[in-house]
Ligand code: GLU
């Protein structure tokens, strides 16, 4: 079997979209599974779209996600350089070969001429407004000009591009590993520019030449590149590389959380979830976009989530470490249908990974915030808080966000609970309970529970009637972690103080 060599080939035109991370991941999984090579190639031939900092952002994002690059930008390797702008000189000879074989041609059309062509074509019903086999003979190019005119234009330094001469009426076929047989009528393909007037190759030429030279075995990329694949097949054929053509796998689209349409940054912004792996500050607008990392996603959780966007293992198992993904991954199990970007599922994965963290890590999350807030806390207390909170948190910052009441007494109480549960029985039970707690040995979850049961039994009411209002008195909220453990963690003095405060603040409400 051919050695597996895959590449992730982003263009540094802005922040790497989360979908790009999925593409990188699937490439990486295939490489690792087959003891192959994962290559990072930076496709920066479109200098007009180059964005400062985007390449570093790509490297940082992949590193955070745990996607290791074996060869390429940042890693070096036998086919260096891996940045296309640094390979500029490589591409022209291939374009020249295409011209020599009559598979490409020089085109000298000015912007105005191109615009005039489009206008003309728009007027003709049914015609595609494109530069191609229907129109090329009406344009200014080496197919329509005499040899001497062409020579003259070239030597006088007139700007030109090189276009592919796409055949007419031919069926171009390829087999996509995900989509199966794909076939396109060549008449629909325009004569794509291969070399631009600035001397740079376009994506199509550079991509194919580099995939060939770098011995790429599989091209795994987003579905948006499927329409380009037939063109690439033509290039492989014309360049004489048909037998070395990589296998194609075009990944399904990522859809909005409701499944209606393609996921976009706008949707993500509107719904308040990140779309970039790590924070990104747009150097042009100054706009800061929150990343998955900064939002509190753990890299392994994000990877697990992304792996399932289009792929599934065919079993019920959902939690997969990177190692397990590598073992389980096959291209055959990637689906064709668009994958819904279910951000709640991402949160669920994060929860699972968060609560599986070692205790010391969870304590670290809490201690970090406490330090920032200048709040002191014994390691023992932090550990208890982490343990009682771990089933409830989605993000590391939730230990503080949802557990703040362990350190700061509530000054307001959940209104609904108060309206429903604050009554004479509640006042009696809370007073009785705080009296007992005042003189008890240090509370434990168990003694707290027994004491509350005793107090309510004496009053002839059910403990269940009191639990909710007790929680609100202690935490201010209507829900939270295990109440008896919460009492143990807070300790007698604080429990008594909070109940007294609530009784004082709320007493006016009692008849
Ligand atoms: N440079 C292209 C991109 O930005 C790569 C597409 C491909 O993998 O062929 O996505």
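The values are calculated or read from the model by the stated rules, or taken from the named source; none is laboratory data. Values in this document were obtained by computation on a predicted structure and should not be read as measured data. Note that we place each Cβ from the backbone using ideal geometry, even for glycine, and neighbour counts take in every protein chain shown.
Per this entry, residue 20 is not counted among residues that are outside any helix (DSSP H, G or I), closer than 24 Å to residue 283 by Cβ and either within 23 Å of the chain's Cα centre (by Cα) or in contact (Cβ under 8 Å) with a residue 24 or more places away in the chain (or both). Filtering region 75-124 to residues that are buried (at least 17 other Cβ atoms within 10 Å of the Cβ) and either free of Cβ contacts under 8 Å to residues at least 24 places away in the same chain or part of a helix (DSSP H, G or I) (or both) leaves 84, 87, 91, 94, 95, 98, 99, 117, 121.
This table checks each residue for (1) buried (at least 19 other Cβ atoms within 10 Å of the Cβ); (2) in contact with a strand residue (DSSP E or B) (Cβ under 9 Å, 6 or more places away or on another chain); (3) at pLDDT 95 or above.
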{"residue": "138", "(1), (2), (3)": "no, no, no"}
{"residue": "142", "(1), (2), (3)": "yes, yes, yes"}
{"residue": "147", "(1), (2), (3)": "no, no, yes"}
{"residue": "155", "(1), (2), (3)": "no, no, yes"}
{"residue": "169", "(1), (2), (3)": "no, yes, no"}
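For the condition at pLDDT 95 or above and buried (at least 21 other Cβ atoms within 10 Å of the Cβ), residue 483 does not qualify. Residues in region 172-187 that are closer than 27 Å to residue 310 by Cβ and either at pLDDT below 95 or not in a loop (DSSP other than H, G, I, E, B) (or both): 10 in all. Does residue 14 satisfy the criteria of being over 24 Å from residue 90 (Cα atoms), within 11 Å of the ligand (Cβ to nearest atom) and touching a residue at least 24 places away in the same chain (Cβ under 8 Å)? It is true that residue 14 is over 24 Å from residue 90 (Cα atoms), within 11 Å of the ligand (Cβ to nearest atom) and touching a residue at least 24 places away in the same chain (Cβ under 8 Å). Criterion applied to 251, 213 was being in contact with a strand residue (DSSP E or B) (Cβ under 9 Å, 6 or more places away or on another chain), at pLDDT 95 or above and either surrounded by fewer than 18 Cβ atoms within 10 Å (Cβ to Cβ) or more than 28 Å from residue 132 (Cα to Cα) (or both), and the one residue passing it is 251. Only one entry of 252, 257, 283 meets the criterion of being touching a helix residue (DSSP H, G or I) at 6+ places or on another chain (Cβ under 7 Å) and away from the ligand (no atom under 16 Å from the Cβ), and that entry is 257.
Look at residue 243 and say whether it is free of Cβ contacts under 8 Å to residues at least 40 places away in the same chain, away from the ligand (no atom under 16 Å from the Cβ), within 27 Å of residue 45 (Cα to Cα) and under 13 Å from the mean Cα position of the chain (by Cα). When the stated conditions are applied, residue 243 does not pass them. A single member of 393, 361, 388 is under 28 Å from the mean Cα position of the chain (by Cα) and not in a loop (DSSP other than H, G, I, E, B), and it is 361. State whether one or more residues within region 36-57 are assigned to a loop (DSSP other than H, G, I, E, B), within 12 Å of the ligand (Cβ to nearest atom) and either farther than 20 Å from residue 86 by Cα or within 16 Å of the chain's Cα centre (by Cα) (or both). No, the conditions are met nowhere in region 36-57. Scanning region 188-209 for residues that are assigned to a helix (DSSP H, G or I) and within 14 Å of the ligand (Cβ to nearest atom) yields a count of 7. Residues of region 23-35 that are in contact with a strand residue (DSSP E or B) (Cβ under 7 Å, 6 or more places away or on another chain) and either within 12 Å of the ligand (Cβ to nearest atom) or assigned to a loop (DSSP other than H, G, I, E, B) (or both): 23, 24, 26, 27. Identify the residue in region 434-451 that is part of a helix (DSSP H, G or I) and in contact (Cβ under 8 Å) with a residue 24 or more places away in the chain and, among all such residues, is surrounded by the most Cβ atoms within 10 Å (Cβ to Cβ). Selected residue: 448. What about residue 6, is it within 25 Å of the chain's Cα centre (by Cα), assigned to a helix (DSSP H, G or I), within 13 Å of the ligand (Cβ to nearest atom) and within 26 Å of residue 251 (Cα to Cα)? Judged against the criteria, residue 6 is not a match. Residue count for region 62-82 satisfying the condition of being at positive phi and more than 24 Å from the chain's Cα centre (by Cα): 2. Here residue 506 meets each of (1) touching a helix residue (DSSP H, G or I) at 6+ places or on another chain (Cβ under 9 Å); (2) in a helix (DSSP H, G or I); (3) exposed (fewer than 15 other Cβ atoms within 10 Å of the Cβ); (4) modelled with pLDDT under 95 with one exception, condition (3). Once region 210-223 is narrowed to residues that are within 12 Å of the ligand (Cβ to nearest atom) and in a helix (DSSP H, G or I), the residue that is farthest from residue 29 (Cα to Cα) is 210. Within region 23-42, the residues that satisfy the criterion of being surrounded by fewer than 24 Cβ atoms within 10 Å (Cβ to Cβ) and without any contact (Cβ under 8 Å) to a residue 60 or more places away in the chain are 34, 35, 37, 42. Between 180, 259, 199, the distinction of being touching a residue at least 60 places away in the same chain (Cβ under 8 Å) and more than 30 Å from residue 149 (Cβ to Cβ) belongs to 259 only. Which residue is nearest to residue 39 (Cα to Cα), if the candidates are limited to region 58-74 and must be touching a helix residue (DSSP H, G or I) at 6+ places or on another chain (Cβ under 7 Å) and in a helix (DSSP H, G or I)? Selected residue: 62.
Within region 232-247, the set of residues being surrounded by fewer than 21 Cβ atoms within 10 Å (Cβ to Cβ) and assigned to a helix (DSSP H, G or I) comprises 233, 236, 237, 238, 242, 243, 244. For region 187-203, the set of residues classified as buried (at least 18 other Cβ atoms within 10 Å of the Cβ) and touching a strand residue (DSSP E or B) at 6+ places or on another chain (Cβ under 8 Å) consists of 189, 191, 192, 193, 194, 195, 196, 201, 202, listed by residue number.
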